[in-house]
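Derivation of every value follows stated rules applied to the coordinates shown; laboratory data play no part. All figures in this text were calculated on a predicted structure; none of them were measured in a lab. With ideal geometry, Cβ positions are generated from the backbone for all residues, glycine too; neighbour counts draw on all protein chains shown.
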Amino acid sequence: MPVEAVGEPRCLVWSEPLPPGQRLVKGWPVSHYGPVPRFRADRWNLQVFGATATGEKYSWTFEEIAGLPATTITTDLHCASGTTTTGHEFHGVPAAVLLGLAPPAPEVTHVMAWAEYGYSANLRLADFRSDRTLMATHHDGEPLTVEHGFPLRLVVPHLYGYKGPKWLRAIEYMTQDRRGFWEERGYHNIADPWTGKRHSYQEDEGE
């Protein structure tokens with residue numbers, strides 16, 4: 001169990017290793033770019049488009065998303081700003097379920113996750129397909145709060161948090177990589193916290 005570190009009331013001492021440059025903090029800090037959107041159930045849907053295997057666009061209402069097979073994971077979250085929070089329980093639809101319902105074309109290598117107000121985050125298909133990647137509707141047994149992404153938040157536990165947009169609205173299948181919102185603004189294209197690489201100037205060739 002964590003204990004408070006002397007002189008740092010918001011930080012904790014943790015017995016498990018943290019990614020390089022990360023510090024443990026209490027709670028679940030709210031962090032996002034832009035305003036918090038208003039949810040309108042009659043206007044909301046989740047779309048899959050781009051290089052689908054059928055060439056078609058797919059769409060689900062929130063009620064349909066809530067009826068899909070779901071699972072629960074427990075994970076830590078790592079922010080590129082240097083904070084880590086632990087023990088989050090997320091419940092929602094695995095990304096693998098979406099890939100099964102709306103298969104990508106064989107040549108797809110990446111996806112773009114689109115959120116409200118045009119926010120985007122690019123992911124390698126392998127990262128999106130991970131059995132730990134989740135489109136979350138609940139956190140710690142309760143529906144997500146709007147500040148934390150209600151009605152739908154992409155959770156990619158093994159990458160920095162900017163790869164998991166709140167207020168998820170669409171997944172675009174891509175046959176070549178294209179940078180998302182923060183990646184265009186100097187953040188690392190892969191976002192693996194265990195490498196400690198946060199910025200685009202740290203990228204190796206091919207990343």
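Can you pull out the residues in the range 101-119 that are surrounded by fewer than 18 Cβ atoms within 10 Å (Cβ to Cβ), hydrophobic (A, V, I, L, M, F, W, C) and within 29 Å of GLY206 (Cβ to Cβ)? Listed by number, the list holds a single entry, ALA105. Within the range 103-115, is even one residue over 13 Å from ALA70 (Cα atoms), in a helix (DSSP H, G or I), under 13 Å from the mean Cα position of the chain (by Cα) and not acidic (Asp, Glu)? Looking through the range 103-115, none of the residues is over 13 Å from ALA70 (Cα atoms), in a helix (DSSP H, G or I), under 13 Å from the mean Cα position of the chain (by Cα) and not acidic (Asp, Glu). Of ARG178, ARG153, ARG129, ARG124, all but one fail to be farther than 17 Å from PRO94 by Cα and charged (D, E, K, R); the exception is ARG178. Output the residues belonging to the range 52-100 that are assigned to a strand (DSSP E or B), surrounded by 13 or more Cβ atoms within 10 Å (Cβ to Cβ) and of a type in the set (Val, Ile, Thr). Selection gives THR52, THR71, ILE73, THR75, THR83, THR84, THR85, THR86, VAL93.
Looking only at the range 155-207, residues that are hydroxyl-bearing (Ser, Thr, Tyr) and either assigned to a strand (DSSP E or B) or farther than 18 Å from ARG129 by Cα (or both) come to 5 in all. Once the range 165-202 is narrowed to residues that are of a type in the set (A, V, I, L, M, F, W, C) and more than 21 Å from THR84 (Cβ to Cβ), the residue that is farthest from the chain's Cα centre (by Cα) is MET174.
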